[in-house]
Amino acid sequence: MSVAINSAFEKAFASQPDSIIKAPGRVNLIGEHTDYNDGFVLPCAIDFATWVAIKPNDSRKVRLLAMDYDHQLDSFDLDQELLPHPNLQWSNYVRGVFSELIKAGHVVDGCDIAITGNVPQGSGLSSSASLEVAIAKALVHTFSLSLSVAEIAIIAQAAENNFVGCNCGIMDQLISACGSSNSALLIDCRSLSLTPAPLLKGHSVVIINSNVKRGLVDSKYNERREQCQQAAAHFGLSSLRDLPLSQFNAHAQQLDPLIAKRARHVLEENQRTLDAVEALSCHDVARLSELMAQSHASMRDLFEITTPEIDYLVALIADFVEDKGGARMTGGGFGGCVVAVVADELVAPMIALVDECYESKTGLKESVYITQAASGVKVL
Ligand code: GAF
């Protein structure tokens, strides 16, 4: 990838880049739609990433090359008001990061940037977060800005919230910035504390992309977030994190039934995430399998963010692996991927089963990625 980005950079900007930065995508093992409720998540960074090549250009102009978008070019002037591009969505992730850094008082200058990557896009594996984090780290490195990795993640999240219009939480950007090889990380999304949770020996993390297209995702995502806020507000709280399950259970019937379902998912999913960390630390695969199944059922029935194709995939895999692994939808939902944690000897037959059944049942062909836990953003 480094060779390709170097030569594309040279062709577009007639010089070699100074640095190349790599930021990974992520898969979330459990803890879905809990991050913006100040709750717990358990993601790991994956070995699919976005690469950014950068060099200052002694001007106030930023020039961008998107290798994976037919080598489209964009540029903007740092002395003018930075606005979202009306058509080039990929550029808005970059513009957003510049805008948020400047807003926070950091001094950046003109530069040339080439971008490429292999995180499957629109699949719930955080291709956007990896782009935002790669750009933020590239600017921190190039202009010697003083930001911690957590601050890089916060700037990247703000870019997505304010420039792209998705009110996402902090999980994707934080794991892309801080990922650790061989471990998932338990993230407390309130304190941003990170606790490594080593992955199971003798087991693989397999991602099955349903290839269900995720249409209108941002509006449905933002709606879920508002519903959670509504539930918290009913109890006079700013976040569901502060609502004990027992208190919710005692008063749930006062809530609109739909809002109550959303809140129940978040409250129970937080506990499942903590329980999953415990199961990993005891190498209790059967318990992990049970928790992943409960998490999926909750996303399907309470939070209502799965699709029939994904429900089918999860049921197919869960029936096959029984208590030797677990499966659930991963990410924001409405399409995207299933994550399975499976005993190594079951990986090949599981993939063969999915290959045999999924397309004939749904008319869609899956893509399968076997991944390792990867480390977070780095300058190569
Ligand atoms: C998306 C968001 F970007 C994350 O912040 C998180 O809420 C996730 O959906 C659901 O857990 O990936």
Surface share of carbon and sulfur [accessible, 1.4 angstrom probe, percent] for the chain: 50 percent
DSSP H segments from the chain that extend 30 Å or more along their own axis, Cα-based, with Kyte-Doolittle mean of -1.0 or above: 257-281
Size of electric dipole in the range 137-218: Cβ of Lys, Arg +1 and of Asp, Glu -1, about Cα centre, debye, nearest 20: 240 debye
Convex hull projection area averaged over all views, the range 301-380, Cα basis, nm²: 7.0 nm²
5 Å-binned pair-distance histogram of the range 233-377 (Cα, whole percent): 2, 9, 17, 18, 18, 14, 11, 6, 5, 1, 0
By average C-beta atoms within 10 angstrom, highest first, the peptides 137-150, 343-356: 137-150, 343-356
Under 5 Å, built H, 5+ apart or other chain: amide partners of A184: A197, L199
Accessible solvent surface per residue of the chain, calculated while the other protein chains remain in place, 1.4 angstrom probe, Å²: 40 Å²
Isotropic mean projected area of the C-alpha convex hull, the chain (nm²): 18.7 nm²
The range 106-212 - Kirkwood radius from inverse mean 1/r over Cα pairs (Å): 15.4 Å
Highest to lowest packing among 359-368, 17-26, 95-104, scored as the average C-beta count within 10 Å: 17-26, 95-104, 359-368
Top positive-direction residue, dipole computed over the chain with Cβ charges, set V338, P196, L364: P196
Full-stretch length increase - E304, N222 - with 0.36 nm per residue and alpha-carbon distance subtracted: 28.2 nm
Members of K324/K361; K103/K213; K201/K378; K220/K365 lying beyond 31 Å, as alpha-carbon distances in this model show: K103/K213
Reference-scaled alpha-carbon Rg (2.2 N^0.38 Å with N residues) for the range 1-64: 1.62
Rg/Rh ratio calculated on Cα atoms of the range 273-316 (Kirkwood radius): 1.05
For Q72, distant residues with modelled amide H under 5 Å away: A66
Under 5 Å, built H, 5+ apart or other chain: amide partners of A49: G25, N118, V119
Cα centroid separation - the range 334-367 against the range 1-63, whole Å: 28 Å
Summed side-chain charge close to L88 - residues other than L88 whose Cβ falls under 14 Å, Lys, Arg +1, Asp, Glu -1: -1
Packing-based ranking, highest mean first, of 299-307, 239-247, 82-90 given that Cβ atoms within 10 Å are counted: 299-307, 239-247, 82-90
Within the range 45-151: Cβ-based charge dipole about Cα centre, in debye rounded to nearest 20 (Lys, Arg +1; Asp, Glu -1): 80 debye
For the range 137-270: rounded, prolate or oblate by the Cα gyration tensor [a/c cutoff 1.5]: prolate
Label point distance in nm, S15-E278, each placed 7 Å from Cα along Cα→Cβ: 5.8 nm
Helix-derived mean residue ellipticity, 222 nm - over the chain, DSSP H n ≥ 4, -39500 (n - 2.57), to 500: -14000 deg cm²/dmol
Computed over the range 130-182, the ratio Rg/Rh where both radii use C-alpha atoms and Rh is Kirkwood: 0.97
Percentage, to the nearest whole number, of Cα pairs in the range 1-152 over 26 Å apart: 25 percent
Length released on extending from D242 to Q254, taking residue separation times 0.36 nm less the Cα-Cα span: 2.5 nm
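The values are calculated or read from the model by the stated rules, or taken from the named source; none is laboratory data. Treat the numbers as computed from the prediction; the structure is a model and nothing was measured. Positions of Cβ are backbone-derived with ideal geometry, glycine not excepted, and every protein chain shown enters the neighbour counts. Calculation scope for accessible area: heavy atoms of the full protein, side chains included, ligands and nucleic acids excluded. Shrake-Rupley method; radii C 1.70, N 1.55, O 1.52, S 1.80 Å.
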